[in-house]
1. For region 130-144, what are the residues that are aliphatic (A, V, I, L, M), within 12 Å of the ligand (Cβ to nearest atom) and in a helix (DSSP H, G or I)?
2. Just to be sure before I move on: is R99 more than 20 Å from F37 (Cβ to Cβ), among the charged types (D, E, K, R) and modelled with pLDDT of 95 or more in the structure I sent?
3. So E227 passes all but one of these: (1) out of contact with any helix residue (DSSP H, G or I) (no Cβ under 6 Å at 6 or more places or on another chain); (2) closer than 24 Å to L123 by Cα. Which condition number does it fail?
4. Among the residues of region 15-40 satisfying the criterion of being of a type in the set (D, E) and near the ligand (Cβ under 8 Å from one of its atoms), which is surrounded by the most Cβ atoms within 10 Å (Cβ to Cβ)?
5. Can you confirm whether region 3-14 contains a residue that is away from the ligand (no atom under 14 Å from the Cβ) and out of contact with any Lys or Arg (no Cβ under 6 Å at 6 or more places or on another chain)?
6. I'm trying to understand the selection: among the residues of region 158-169, which are more than 13 Å from N248 (Cα to Cα) and in a loop (DSSP other than H, G, I, E, B)?
7. If a residue has to be surrounded by 21 or more Cβ atoms within 10 Å (Cβ to Cβ), among the small types (G, A, S) and in a helix (DSSP H, G or I) to count, how many in region 223-281 make the cut?
Amino acid sequence: MLSYRHAFHAGNHADILKHLVLCATLQYALRKEAALFFLDTHAGAGRYSLRSEQALQTGEASAGILRLDLAGLLAATTGEEHDLLAGYAAAVQPWLARRQYPGSPLLAAGLLRRQDHLHLCELHPTDVELLAGHLQGDRRCSVEQADGYQRALALLPPVQKRAVVLIDPSYERKDDYRKVVRLIADLQQRMRAAQLLLWYPVVERLDVESLLTGLQRSGVRDLWQFELGVAPDRGGHGLTASGMLVVNPPFTLPGALRSLLPRLQEQLAPAYGHWKVRQLIGE
Ligand SMILES: C[S@@+](CC[C@H](N)C(=O)[O-])C[C@H]1O[C@@H](n2cnc3c(N)ncnc32)[C@H](O)[C@@H]1O
């Protein structure tokens, strides 16, 4: 039984970090002409109204993307930090102008080219229908009501030979922590060069620690951790931070995030925010 609906959380601090990293990874991969395969194992509904009852009930977008002064940040940044933010800003701003926030599938669809392919898995019957509706007629996209963990193993390596995979579970079930470790290790074994992006929540820090230990023992190579928090850890009482674990990130990404994350933290949570950029496992 799936109860998680991303409509309550779209545009929160976790989406900002996740989608910054996603846009940067895709934009870097698109510098090469050869076709790219993008897999979203937990795709969600695709786009979200920031005026919906769900969004207004939690206020998460108001404390997240709507609080960010994107124009001010763009004016204050230069070099790779600026490019990182500019890529994300250009992707989300047209949606924000309509009081909507794009999910990962629509962000990717906006960036990818004619020769690329998107494969989007979503289990929730309502969200998969919404997603299919938003992407109707886009021949680059396959939308499937399917278990993203299982499909990922069947789909990699793809014929395109270049892949970016976003793994973004809701962690409604505790076994998600174990399943993501297995999946990352299996995918890297199948396709060494794939760029694998795994999102994690910080609700209970011990869960994150065991996720990191699991990955460190799994044999995975070139793994980085990027984290952004808006409050100190609260031991199981709500989402205080989130992170992205990235296998084979673009080489410019860690440096750019080291400069940008403190600025985001300053705007989103000046008093109690925190951030982290570190390599967990070498190449
Ligand atoms: C955090 S949301 C995805 C948000 C989306 N990736 C984005 O960034 O816009 C997680 C989604 O995974 C779906 N889900 C849960 N278990 C799944 C599974 N085993 N396979 C595919 N989708 C699943 C949930 O219904 C939910 O919509």
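The values are calculated or read from the model by the stated rules, or taken from the named source; none is laboratory data. Note that the structure is a prediction, hence the values are computed from the model and not measured. Quick reminder, even Gly has a Cβ in these numbers, built from the backbone with ideal geometry, and neighbours come from all protein chains shown.
1. If we filter region 130-144 for residues that are aliphatic (A, V, I, L, M), which is where we start, we get 130-132, 135, 143.
With the extra rule that they be within 12 Å of the ligand (Cβ to nearest atom), the set shrinks to 130-131, 143.
Correct list: L130, L131.
2. On the way: more than 20 Å from F37 (Cβ to Cβ): yes; among the charged types (D, E, K, R): yes; modelled with pLDDT of 95 or more: yes.
It is true that R99 is more than 20 Å from F37 (Cβ to Cβ), among the charged types (D, E, K, R) and modelled with pLDDT of 95 or more.
3. The single condition E227 does not satisfy is (2).
4. Applying the first criterion (of a type in the set (D, E)) to region 15-40 yields 15, 33, 40.
Subsequent filtering for residues that are near the ligand (Cβ under 8 Å from one of its atoms) retains 15, 40.
Working: D15: 27, D40: 29.
Residue satisfying both the conditions and the ranking: D40.
5. Start the filter on region 3-14 by keeping residues that are away from the ligand (no atom under 14 Å from the Cβ), which leaves none.
Scanning region 3-14, I find no residue that is away from the ligand (no atom under 14 Å from the Cβ) and out of contact with any Lys or Arg (no Cβ under 6 Å at 6 or more places or on another chain), so the answer is no.
6. Taking region 158-169 and keeping what is more than 13 Å from N248 (Cα to Cα), we get 158-161, 167-169.
P158, V159, Q160, K161, D168, P169 - these are the residues of region 158-169 that are more than 13 Å from N248 (Cα to Cα) and in a loop (DSSP other than H, G, I, E, B).
7. Qualifying residue count for the region: 1.
Yes/no per residue for (1) over 20 Å from A241 (Cα atoms); (2) in contact (Cβ under 8 Å) with a residue 60 or more places away in the chain; (3) within 13 Å of the ligand (Cβ to nearest atom):
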site	(1), (2), (3)
A146	yes, no, yes
V165	yes, yes, yes
I184	yes, yes, no
V220	yes, yes, no
